Amino acid sequence: MAEQRRLNDLQERAAILSANLAEIEATLNSPMMTEDPSMAASAMSSLRVRKDHYKGMSETERQAVLATQLAQMEERKAKQAAQAAEESQYARTQRDIWNAMHSQASRVEEFKRQQAAKAAEVLRRQTEEKAARDQSLNELYSNKIAPEFFSQFGTSHR
């Protein structure tokens, strides 16, 4: 009886071990557990995928996604570089416009100073001319009485 019991235990252990190995084998090789993408193929078309059986992308699909992402990154870098170049060109243009406006404003201010100096010179000259003219007119029309004026009285012109 002890022998029989020992044999039953051994058989039970062997059965449990066999069941465990079968479970491990099923887990490792099961298309459900290994997420085999071929299991998601539709019976209607090999190009269609059943959403309820989707197990992930194939290696070629992953490579296509990676290639698309790489192209997008390169496109984004190129776009950023173009935008940076455009902003740099805009900044240069704005700086050139500012420099031109500043230069023009300086020329205008210099012209105004020159015109003001010329106007001041003209006014000074006109003031001098007026003073000289007033002096000569005052001398001309001053009606100074000379001694000859008094000497003519009492003389006849006939």
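The values are calculated or read from the model by the stated rules, or taken from the named source; none is laboratory data. Keep in mind that what you see is a predicted model, and the values were worked out from it rather than measured. Because the Cβ atoms are built from the backbone with ideal geometry, glycine has one as well, and the counts that use them run over all protein chains shown. When the accessible area is computed, the model is the full protein with side chains, heavy atoms only, and any ligands, DNA or RNA have been set aside. Shrake-Rupley method; radii C 1.70, N 1.55, O 1.52, S 1.80 Å.
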(request) Consider Thr27 carefully, then state whether it is assigned to a helix (DSSP H, G or I) and open to solvent by less than 100 Å² (accessible area, probe 1.4 Å). (result) yes
(message) Any residue at all in segment 66-79 that's open to solvent by less than 70 Å² (accessible area, probe 1.4 Å), of a type in the set (A, V, I, L, M, F, W, C) and more than 27 Å from the chain's Cα centre (by Cα)?
(response) yes
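Per-residue answers, yes or no, for (1) open to solvent by 100 Å² or more (accessible area, probe 1.4 Å); (2) modelled with pLDDT of 95 or more; (3) in contact with an Asp or Glu (Cβ under 7 Å, 6 or more places away or on another chain); (4) of a type in the set (Gly, Ala, Ser):
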| residue | (1), (2), (3), (4) |
| --- | --- |
| Ala105 | no, yes, no, yes |
| Ala120 | no, yes, no, yes |
| Phe149 | no, no, no, no |
| Gly154 | no, no, no, yes |
